[in-house]
Amino acid sequence: MRMEDQMSESSLLDYFNGELSDAEEKEILEWKEACVTNRNLFEQVRKEHLRLRRGVRASLIKGDYSSVSSRISRNVSGNNRRSWSRRTFKLKDLMVAAVLVAAVSVVATLLLSQYFLELDSRSVADIGAPAHTAILELSDGTQHYIGSNDASLKEKNGTKLAVNGGNLVYDKHKSVEEAGREELIYNKVTVPRGTGHYRVILSDGSVVWLNSDSHLEYPVSFAKEERRVKICGEAYFEVARDEAKPFIVETTLQSISVLGTKFNVTAYPSESIQTTLVSGSVKVVPENGAEAAILIPGEQSVLDAITGDLSVSKVSVSDVISWKSGITSIDNMPLSKILKVISRTYDVDFELTGVQAEQIYLQGSIPNDEKLEVVLSVLSRVADVKFKMGDHGKIRVE
């Protein structure tokens, strides 16, 4: 091969990260000196690598370097180059890499794309980080907005509810039969889009974290034989152990039965349901009659919303539950799914225009305490897309 045409499979980023052998480093340096184009490319990548190390820890994926080189070279030699906005690098915990899966299975890193955010600053710049608030609906239908301010409420059966430090806490009660009551009284907590997450401590001591665009329905005092709740959206459960009274979580397509454990459930409407076990054991039972699955810690079951098939695989639990800590973890996730997460986190809607979002994969993490403008500014570069204000308040992705 001619050194001015292409490089070995080892990329420049491996060189700058110190991941090459002496022989591979020598090959990189020989390639750099082969022509002016190679030297310009080498210098461009070096500068951007240093800049990102100061502001953003970037993890680039290896790929077919000849295709990557041609993409970056066009950016380097273009006459319409623009300087990078400093606000792009406010996401200090962001570790991003973009992969385009083409018809010939070419993997290309897109870190140096020269695309810029084109949004109406009046409508986007003011969208800040999510606030941690929720809506509590009592059994009589009355609704109360609850946040971080302390408050006290009481149900019609006398059960006391306290909002304490951003937590909704129920008094511990005996079951309805043991307490001499004849009916279950239900409450419902809703965490709207754009409001972060909220924590509920149930009457048995179980703790539930609710993510954005989610709601939980539950009795203020559980039945004698079981503890049954319903979830739509995403929630993390720390279930108080009670061998005589299983804890059952219902979703639209499945139920989860446990005694005492920690697990995460993602069950948004029209999407596949993910159940991830942190500790203990859970039994996932599809409503379609398919074979149930018993998970062990570190495993995730996925119930396909279309086919009804249930599969189990190993996952990174810390990535799955990172939303509890205010971080969106991205592990080889398609842009289409990332936009759904952003929609729920910031209460915005996207409209795809000629973008194959299912074929753009990112890896890394995004802090949810950043303004929407900053998040989209970074995505516009690493995913090689543009964001523009569209009709009816939607953000168009091009």
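The values are calculated or read from the model by the stated rules, or taken from the named source; none is laboratory data. Since the structure is predicted, the reported quantities are computational estimates derived from the model, not experimental observations. Methodologically, a virtual Cβ is constructed for each residue, glycine included, from the backbone with ideal geometry; neighbour enumeration extends over all protein chains shown.
Given the conditions (1) assigned to a strand (DSSP E or B); (2) surrounded by 17 or more Cβ atoms within 10 Å (Cβ to Cβ), and given that Val348 satisfies all but one, which numbered condition is not satisfied?
Of everything listed in (1) assigned to a strand (DSSP E or B); (2) surrounded by 17 or more Cβ atoms within 10 Å (Cβ to Cβ), Val348 misses just condition (1).
Within the stretch 216-238, can you find the residues that are in contact (Cβ under 8 Å) with a residue 40 or more places away in the chain and within 16 Å of Ser281 (Cα to Cα)? Step through it out loud before you land on a result.
At the first step, the residues of the stretch 216-238 found to be in contact (Cβ under 8 Å) with a residue 40 or more places away in the chain are 219-224, 233-234, 236.
Result: Tyr236, single match.
Which of (1) free of Cβ contacts under 8 Å to residues at least 12 places away in the same chain; (2) out of contact with any helix residue (DSSP H, G or I) (no Cβ under 9 Å at 6 or more places or on another chain) is the odd one out, the single condition Asp347 does not satisfy?
In the conditions (1) free of Cβ contacts under 8 Å to residues at least 12 places away in the same chain; (2) out of contact with any helix residue (DSSP H, G or I) (no Cβ under 9 Å at 6 or more places or on another chain), Asp347 misses (1) alone.
Determine which member of the set Ser343, Ser336, Ser313 is surrounded by fewer than 19 Cβ atoms within 10 Å (Cβ to Cβ), small (Gly, Ala, Ser) and not in a helix (DSSP H, G or I). Outline the logic, then answer.
Details: Ser343 fails: not in a helix (DSSP H, G or I); Ser336 fails: not in a helix (DSSP H, G or I).
Of the residues listed, the single one that is surrounded by fewer than 19 Cβ atoms within 10 Å (Cβ to Cβ), small (Gly, Ala, Ser) and not in a helix (DSSP H, G or I) is Ser313.
Six or more apart or on different chains, Cβ under 7 Å: which pairs go from a residue in the stretch 275-288 that's in a loop (DSSP other than H, G, I, E, B) to one that's of a type in the set (D, E, K, R)? Could you list them?
If the second residue must be of a type in the set (D, E, K, R), the pairs left are Gly280/Lys262.
When the residues of the stretch 351-398 are narrowed to those that are in a helix (DSSP H, G or I) and charged (D, E, K, R), which ends up farthest from Lys324 (Cα to Cα)?
Checking each candidate, the answer is Asp391.
Could you check Ser318 against (1) over 14 Å from the mean Cα position of the chain (by Cα); (2) farther than 21 Å from Asp213 by Cβ and say which number it fails?
Evaluating Ser318 over (1) over 14 Å from the mean Cα position of the chain (by Cα); (2) farther than 21 Å from Asp213 by Cβ leaves (1) as the failure.
Which one of Lys388, Lys324, Lys394 is basic (Lys, Arg) and either modelled with pLDDT of 90 or more or under 16 Å from the mean Cα position of the chain (by Cα) (or both)?
Just a single option satisfies the conditions, and that option is Lys324.
Only one of Ile231, Ile294 is surrounded by fewer than 17 Cβ atoms within 10 Å (Cβ to Cβ) and part of a strand (DSSP E or B). Can you tell me which? Before you say what the answer is, go through the steps one by one.
Details: Ile231 fails: surrounded by fewer than 17 Cβ atoms within 10 Å (Cβ to Cβ).
That would be Ile294, the only listed residue that is surrounded by fewer than 17 Cβ atoms within 10 Å (Cβ to Cβ) and part of a strand (DSSP E or B).
Of the numbered conditions (1) surrounded by fewer than 17 Cβ atoms within 10 Å (Cβ to Cβ); (2) in a strand (DSSP E or B), Ser257 fails exactly one; give the number of that condition.
Here Ser257 clears every test but (1).
Being of a type in the set (D, E, K, R) and either at pLDDT below 95 or surrounded by fewer than 21 Cβ atoms within 10 Å (Cβ to Cβ) (or both) is the filter here, so list the residues in the stretch 234-251 that pass it.
Let us first name the residues in the stretch 234-251 that are of a type in the set (D, E, K, R), namely 234, 238, 241-243, 245, 250.
The answer is Glu238, Arg241, Asp242, Glu243, Lys245, Glu250.
For the stretch 359-376, state whether one or more residues are of a type in the set (A, V, I, L, M), touching a Lys or Arg at 6+ places or on another chain (Cβ under 8 Å) and either closer than 28 Å to Cys232 by Cα or outside the structural domain of Tyr268 (by TED's automatic domain parsing) (or both).
Yes: the stretch 359-376 contains one or more residues that are of a type in the set (A, V, I, L, M), touching a Lys or Arg at 6+ places or on another chain (Cβ under 8 Å) and either closer than 28 Å to Cys232 by Cα or outside the structural domain of Tyr268 (by TED's automatic domain parsing) (or both).
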